[in-house]
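Just below is one structure, and these are the notes that go with it.
The values are calculated or read from the model by the stated rules, or taken from the named source; none is laboratory data. Being a predicted model, the structure only gives us computed values, none of them experimental. In this analysis, Cβ positions are derived from the backbone assuming ideal geometry, glycine residues included, and neighbour counts consider all displayed protein chains. Each accessible area value is taken on the protein alone, full model and side chains, heavy atoms only, with ligands, DNA and RNA left out. Shrake-Rupley method; radii C 1.70, N 1.55, O 1.52, S 1.80 Å.
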Amino acid sequence: MDKDVVIIGGGIGGLFTGALLAKEGYKVTVLERSARAGGGLQSFTRNGVAFDAGMHVVGGLQPGGSLDRICRYLGIRDRIHVRPVDADCMDELYCHEDGRRYRIPGGREAFTRYFQEQFPEERLGIQQYMDALYALTDQVGFFHLRLGSQGQTTYGGEFYESSNELVSRYIRNPKLQGLLGYMSCLCGGSVGHTPAYVFSLINSLYINGHYRFEGPAVQLADVLVDLIESSGGQVIANAEVSRVKADGKSVAAVITADGREFRARHYISDVHPQVLMRIADNELFTKAFRARVETAPNNYSAYCLYLVFKPDSFPYINHPCYYTDDYESLWRYGQYDGEEWPQSFAYFTPCSVDQGSYARGLQVIQFMPFEVCKAWENTSSSARGDDYLAWKKRHTERIIDKLERCSPGIRDAVAHVYDASPLTVRDYGNEPDGSLYGLLKDAADPYAGYVPVRTKADNLFLTGQNVYLHGCCGVPLTAVMTAEAVIGEKDCLVRRMPNPE
């Protein structure tokens with residue numbers, strides 16, 4: 001029993017935490033509500049084309065990167081099939097306001113030099129901004145898996161100011177201010193709210209190098225599941241936990257919706273904290289903590305479009321692309337402006353294992369607040385009504401119209417169109433308000449969206465994107481924190497991870 005652990009939820013956080021503990025000799029049981037584990041790593045197929053539900057690019061996999069070190073420690077790095085994005089154009093951005101197309105290179109020096117060439121009058125400000133960006137990142141030692149960096153630290157200066165304030169401190173040109181905010185969508189960016197440190201971590205992560213999965217992203221989930229099961233554990237699908245049962249201040253068992261009961265020495269929750277509050281017995285959390293979590297705002301959701309192309313009709317693009325109506329809109333991801341929507345979005349061509357010069361499909365992610373589709377929040381996916389279908393059709397057509405601006409002729413290349421609203425994100429991801437990034441991290445109130453790895457219950461721990469940082473790098477870092485809290489040996493995992501050298 002001392003080395004038994006039950007994990008509620010088989011998303012990225014649950015699987016990485018389970019894999020780390022399995023490697024340390026723990027008998028791990030992961031309970032996943034869906035038919036297949038993976039969470040944000042899930043993939044699905046339409047007309048023979050595989051689309052990723054949540055994970056489209058991966059940072060931290062370059063040699064010595066934090067995710068690279070975690071995967072090498074687990075012995076799975078060589079089992080993940082990825083390719084780097086184009087070095088000379090890691091991201092491409094088209095602004096309709098002036099018709100300019102920016103091809104942004106990867107690497108800190110190249111990234112800095114590129115914007116200095118585009119805006120020579122801001123040369124010094126750009127250098128100072130990049131120095132500040134990386135200085136903030138350097139303050140977060142655990143982002144780099146430094147020994148002894150897991151504890152809470154008091155940060156000062158620019159750390160908790162808003163990300164747009166950070167940019168505007170060094171940059172005066174409004175167009176450049178907008179451009180430097182284009183990656184804010186990758187951290188749930190919101191003007192006046194997103195902390196500068198979150199913005200800096202995400203920017204530096206992708207500037208340092210990011211990758212595409214060759215084939216569906218669920219391959220990473222499958223590798224983690226195999227590691228857990230080959231170590232004597234189990235990952236049980238269709239096992240939604242409906243109650244976390246208390247025995248005083250400890251968890252006694254978890255019970256699934258179909259009545260099964262699972263007991264262990266340690267319990268870990270990978271579900272959204274607001275979901276956990278609904279299923280956990282009252283005595284496991286204080287009233288104050290429950291009230292704070294239950295009323296904490298969530299980040300925005302997304303409207304997604306999936307296009308299947310006619311054969312050999314649209315080129316494969318080996319990097320993410322961004323569209324914006326104007327420079328200011330790059331700081332307004334997630335806002336809904338009625339008939340002007342969508343004002344900015346990201347799009348990708350999926351990368352298959354045998355990828356050639358032509359794309360088989362394209363995915364668009366347009367960020368959207370859940371409130372826009374609140375009229376149908378109490379409907380099921382199979383019976384939302386004709387008004388909902390008409391609403392989706394209008395929004396899908398708007399996106400395709402704007403895709404035509406940056407990729408003329410794309411409409412003629414499309415054979416099939418599929419779409420999904422924030423309701424889909426909510427229902428299939430079990431995410432309150434369909435939130436892509438969980439609880440809102442707010443510079444104005446840093447404590448509001450904070451949840452710790454440890455809880456007041458002595459054998460219940462938390463993992464996942466709400467605890468530290470979201471994404472395919474941030475969530476595995478949280479998994480390391482959680483696993484070390486369970487094991488109880490300070491720095492034990494980080495000390496044994498391969499060094500960058």
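Key figures
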| quantity | calculated |
| --- | --- |
| Largest to smallest accessible area among Lys456, Lys287, Lys3, Lys392 [probe 1.4 Å] | Lys287, Lys456, Lys3, Lys392 |
| Rounded to 10°, Cα long-axis angle of helix 386-406 versus longest principal axis of the chain | 50 |
| Cα gyration tensor category, rounded, prolate or oblate, for segment 263-307 with a/c compared to 1.5 | oblate |
| Mean Cα-pair separation over length for segment 365-501, i.e. relative contact order, pairs under 8 Å, 6 or more apart, % | 13 |
| Cα gyration tensor, segment 362-443 - rounded (a/c under 1.5), prolate or oblate | oblate |
| Cα-based helix-to-principal-axis angle, 123-139 vs the chain, degrees rounded to 10 | 10 |
| Those GluC sites (Glu not before Pro) in segment 79-146 that DSSP places in a loop and that have at most 14 other beta carbons within 10 Å | Glu97 |
| The chain, accessible area per residue, ligands and nucleic acids excluded (1.4 Å, Å²) | 39 |
| Cα shape, segment 189-339, gyration tensor, a/c 1.5 rule | oblate |
| Estimated inter-spin distance, Ala448 and Tyr102, nm [label 7 Å along Cα→Cβ] | 2.9 |
| Additional length obtainable on full extension of the chain from Ala253 to Asp401, 0.36 nm per residue less Cα span | 48.0 nm |
| Within the accessible area of the chain (1.4 Å probe), percent carbon and sulfur | 48 |
| Full-stretch length increase - His81, Arg169 - with 0.36 nm per residue and alpha-carbon distance subtracted | 27.6 nm |
| Val353-Ile236 FRET efficiency (beta carbon distance; Förster radius 35 Å; 0.05 resolution) | 0.75 |
| Relative contact order for the chain, counting Cα pairs under 8 Å that sit 6 or more residues apart, in percent | 24 |
| Acute angle (nearest 10 degrees) that the helix 12-23 long axis makes with the longest principal axis of the chain, alpha-carbon atoms | 50 |
| Positive-pole candidate from Leu147, Gly188, Asn164, dipole of segment 119-238, charges at beta carbon | Asn164 |
| Ordering of 304-314, 249-259 by burial proxy (mean other Cβ atoms within 10 Å per residue, highest first) | 304-314, 249-259 |
| The chain, Cα convex hull volume normalised per residue, Å³ | 142 |
| Ranking by accessible area, most exposed first, for Tyr303, Tyr170 with a 1.4 Å probe | Tyr170, Tyr303 |
| Contour minus Cα-Cα distance for Lys310 and Ala415 (0.36 nm per residue) | 37.3 nm |
| Label point distance in nm, Glu294-Asn430, each placed 7 Å from Cα along Cα→Cβ | 2.0 |
| Charge tally in the Cβ shell below 12 Å around Lys310, where Lys, Arg are +1 and Asp, Glu are -1, Lys310 excluded | 0 |
| Normalised per residue, the volume of the convex hull around the Cα set of segment 259-349 (Å³) | 255 |
| Value of Rg to Rh for segment 355-501 (Rh from inverse mean 1/r over Cα pairs, i.e. Kirkwood) | 1.09 |
| Under 15 Å, Cβ to Cβ, from Gln127 - net charge with Lys/Arg +1 and Asp/Glu -1 | 0 |
| Equivalent ellipsoid semi-axes, segment 410-473, via Cα gyration tensor eigenvalues times 5, rooted, Å | 34, 14, 11 |
